[in-house]
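Below is one structure, written out as structure tokens; comments come after it.
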Amino acid sequence: MAKEARKNKGVLQEASTLLQNTYKNTKKEILISVNLAVIVVFVLHITIRLFSAEQVFYSIVDAIILPIVFLMHVSSFYLHLQLLRGNLKHLDWLSPVLAWTSVVILQLLVIFSLHFSLNTAHSFILNFTLATVLIYITGTVLNRNAALIWFMVCIINTFVAFQNRGASFEYHLMTSKEIRELKQALKKLPANPKEKARYDRAKSHQEDVEKEKLKAYPISDYLYVGIVFFLLAFLPMFFQASFIGQILKTIPEAIQKIELAEDEKTLLKKENVRMSMELDIAKHIQQMVLPREEEFTAFKGLEIGARMDTATEVGGDFYEVLPQKDGSIYFGIGDVTEHGLNSGVVMLMTQAAFRATLDNSDIDIITALNQINSILRQNISRMKDQRDLTLSLLHYKNGSVTMTGQHETVILLRKKEDFAEQIDTMDLSLYIGLIDDFSDNVQESNFDMEIGDIMLLYTDGASGALNRDKREFGIQGLMQALERHRENSSQQIVSSIIDEIYDYMGNNEPLDDITIVVVKRTE
């Protein structure tokens with residue numbers, strides 16, 4: 001059942017991974033296209049400037065920012081290209097860092113270009129175009145919140161630039177003839193007053209142009225700026241369209257996997273129902289072999305009460321009350337390690353071995369415990385299991401109790417005493433089923449019960465019950481509860497103590513089976 005659940009979860013995870021990988025890879029492809037566009041434009045810009053013997057950078061700002069932009073985009077391009085190829089997976093954490101840095105640097109370039117460009121009119125046009133493309137890139141590569149913030153920054157940045165330049169600003173173009181005359185006037189030194197006047201006018205015009213940020217750019221600049229816009233608009237859109245196509249191809253496969261997971265989920269539900277029915281049957285069988293309450297009334301001289309509450313549908317706790325023809329009684333209480341069906345099976349085997357070994361037999365309790373251990377050890381080995389159990393075996397006869405086996409302490413409340421005492425069982429044997437023969441490690445202990453004395457047997461589910469603060473009810477809690485309810489009948493004492501345990505736990509579910517047996521000597 002657990003295997004089917006893991007398989008079901010795995011199929012759903014595969015479907016989710018199919019869709020997520022398509023989305024993540026497309027984001028990387030779009031970012032790579034942006035990086036590539038910036039790299040191509042930068043190289044083209046440097047190449048044209050070098051071959052035309054013109055100034056490479058127009059300002060100190062360009063000389064600082066542009067190389068940084070270039071290096072950042074080269075790094076981002078290389079990393080994401082390797083990640084798409086399945087390499088450098090240990091650097092996947094660097095992907096979002098470079099993605100944000102690449103986009104933010106482009107955004108800063110747009111902001112600064114609007115305020116520091118040598119041609120105000122052109123900077124407005126370029127800013128509008130590049131900022132618009134960056135809104136799309138920001139939303140695709142980063143997220144829509146980042147795109148919204150960038151949109152607001154663009155509005156504010158444009159408004160500030162407009163206010164700084166003034167509403168009265170106008171941009172006028174020059175004809176080719178005017179440009180040619182201006183360049184000729186500046187090109188040669190004046191030879192006469194007329195040429196000097198023309199030179200002075202041209203020089204003054206040039207100074208005014210630079211002062212008002214109206215410097216003209218060659219058409220080659222517009223060529224590669226146009227290429228920038230084409231690349232930034234085309235490549236992301238190309239990969240975005242590819243992403244949509246991949247999604248459309250992936251959806252049928254993802255749906256098929258989801259349908260498969262749904263079928264497996266249905267089968268899992270049926271298996272759960274079947275297992276639940278089997279566990280209910282096992283629990284019913286287990287309850288059937290426990291001593292019945294009406295049996296306890298037939299024991300002369302003793303008043304007995306007992307109850308077992310399981311933490312799961314099948315418990316691992318064990319208790320037995322077995323009367324003998326000579327009037328003596330055997331008591332047994334134990335706890336199988338772990339919980340569930342296998343622990344319940346071991347519990348049933350323990351009950352069978354207990355009765356088969358002790359019912360109307362003259363065997364002493366040490367030999368009996370050795371035989372029970374041998375039987376359970378062999379049976380558990382056949383199950384290919386590693387479970388063992390604690391087990392206390394007690395023999396009551398005429399007010400005298402002989403006990404052996406390692407389990408929880410025995411609580412004894414004497415009629416003449418106000419407070420209960422504990423009798424330790426730790427040194428009386430090893431765990432049952434742990435080794436084939438532990439006869440050298442088995443001992444017995446004896447104590448007397450006078451009229452009115454009360455003996456309480458329990459499993460660790462009772463003493464180990466936790467409250468909201470993760471504190472145990474404890475052995476002291478059991479002893480104090482026994483002291484409070486000592487005047488009640490044995491069965492009432494059992495019910496009252498278990499009620500106190502549940503009250504102590506509050507809304508917490510029991511983590512272990514709870515078993516309590518109370519024996520009161522009446523005569």
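Which ones in segment 329-348 are surrounded by fewer than 22 Cβ atoms within 10 Å (Cβ to Cβ) and modelled with pLDDT of 90 or more? Full working, then the answer.
Here is the first cut: in segment 329-348, the ones surrounded by fewer than 22 Cβ atoms within 10 Å (Cβ to Cβ) are 329, 337-342, 345, 348.
Within segment 329-348, Ile329 is the sole residue that qualifies.
Kindly establish whether Leu391 is at pLDDT 90 or above, closer than 26 Å to Leu482 by Cα and not in a loop (DSSP other than H, G, I, E, B).
On the way: at pLDDT 90 or above: yes; closer than 26 Å to Leu482 by Cα: yes; not in a loop (DSSP other than H, G, I, E, B): yes.
So Leu391 passes the test.
Working carefully through the options Ile411, Ile475, Ile514, Ile451, find the one that is surrounded by fewer than 18 Cβ atoms within 10 Å (Cβ to Cβ) and of a type in the set (A, V, I, L, M). Before you say what the answer is, go through the steps one by one.
Numbers: Ile411 fails: surrounded by fewer than 18 Cβ atoms within 10 Å (Cβ to Cβ); Ile475 fails: surrounded by fewer than 18 Cβ atoms within 10 Å (Cβ to Cβ); Ile514 fails: surrounded by fewer than 18 Cβ atoms within 10 Å (Cβ to Cβ).
Among Ile411, Ile475, Ile514, Ile451, only Ile451 is surrounded by fewer than 18 Cβ atoms within 10 Å (Cβ to Cβ) and of a type in the set (A, V, I, L, M).
Suppose we keep only residues that are part of a helix (DSSP H, G or I), touching a Ser or Thr at 6+ places or on another chain (Cβ under 8 Å) and of a type in the set (A, V, I, L, M) within segment 358-388. Which one would you say is surrounded by the most Cβ atoms within 10 Å (Cβ to Cβ)?
By that ranking, first place goes to Leu369.
Go through segment 296-338 and give me each residue that's within 21 Å of Thr390 (Cβ to Cβ) and of a type in the set (S, T, N, Q).
Thr310, Thr312, Thr337
Condition check: surrounded by 17 or more Cβ atoms within 10 Å (Cβ to Cβ), assigned by TED's automatic domain parsing to the domain that holds Ile365 and aromatic (Phe, Trp, Tyr). Does Phe354 satisfy that? It would help to see each step written out before you state the result.
Values: surrounded by 17 or more Cβ atoms within 10 Å (Cβ to Cβ): yes; assigned by TED's automatic domain parsing to the domain that holds Ile365: yes; aromatic (Phe, Trp, Tyr): yes.
For Phe354, the condition - surrounded by 17 or more Cβ atoms within 10 Å (Cβ to Cβ), assigned by TED's automatic domain parsing to the domain that holds Ile365 and aromatic (Phe, Trp, Tyr) - is met.
Results for (1) surrounded by 15 or more Cβ atoms within 10 Å (Cβ to Cβ); (2) touching a residue at least 40 places away in the same chain (Cβ under 8 Å), shown as yes or no for each residue.
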site: Ile65; (1), (2): yes, yes
site: Val69; (1), (2): yes, yes
site: His73; (1), (2): yes, no
site: Leu79; (1), (2): yes, no
site: Leu83; (1), (2): yes, yes
site: Asn87; (1), (2): no, no
site: Asp92; (1), (2): no, no
site: Val97; (1), (2): no, no
site: Val103; (1), (2): yes, yes
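The values are calculated or read from the model by the stated rules, or taken from the named source; none is laboratory data. Keep in mind it's a predicted model, so treat the numbers as computed, not measured. No Cβ is skipped: glycine too gets one built from the backbone with ideal geometry, and neighbour counts run over all protein chains shown.
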